[in-house]
Amino acid sequence: MKCFQIKRKISHALNTKTPISKTVEEHISHCKKCHQFYSTASLFETHLQKNTAKESQFPPYLHTRIMAHVREAETKQTQHITLKQAIILGNIALFAVLFSILLFPDQKQINLPQPIQKEHTRLANTTTTQSHPTITYLKQRVQYVEMRKKRTRKRNLAILSRSLPKLSSSLFQPTDTLN
């Protein structure tokens, strides 16, 4: 047998408190390194047995204080997790709203606030030779919004007119009368 196998068998015998086999004893008698390992390991084992037998004195209520700190750490950790979850859910909701706006641009309602609409109307009615860039932008924006509203109305009317004959024909079918 090799030395590392003998050392494993020595450790196992000391840990389980079983006697060492004859083959291990023969090897220990011939090999100085294994004999030194056996003597050191057996001294260490006896030292551990003597020192663990003594009962150590713990401060009173140590267990209670430790458990209180553990509970406090758990509550801090759960509060941190719920805050993290709230932030993640908020980001997901924001992403979903932005994604839906980008995905369905026809569905969003574009209404200029009332003060901007009034200012645009006032400025559009005044005749000026030079147009301010803001005024030009507002004019274009209002025209765009009105064009989108008209297009949406036309689309809705077209859909309604296509589905109305089908609906009316199914609702107002003549019924059999009694003769």
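Taken together, the values in this text are just the output of simple stated rules run on the coordinates, not laboratory data. The shown structure was predicted, so the numbers you read here are calculated from the model rather than taken from an experiment. Cβ sites come from the backbone with ideal geometry, for glycine too, and all protein chains shown count toward neighbours.
The figures follow:
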| quantity | calculated |
| --- | --- |
| Counted charge near Lys17, where neighbours are those whose Cβ lies closer than 15 Å (Asp, Glu -1; Lys, Arg +1) | +1 |
| Packing rank of 67-73, 1-7, where each peptide gets the mean count of other beta carbons within 10 Å, highest leading | 1-7, 67-73 |
| Order by protection proxy (mean Cβ within 10 Å, highest first), peptides 83-96, 24-37 | 24-37, 83-96 |
| Karplus (6.51, -1.76, 1.60) ³J(HN,Hα), θ = phi - 60°, over segment 23-32, in Hz, Gly and Pro reported as x | 5, 5, 4, 5, 5, 5, 5, 9, 9, 5 |
| Local net charge near Met1, Cβ-Cβ under 14 Å (Lys/Arg +1, Asp/Glu -1) | +4 |
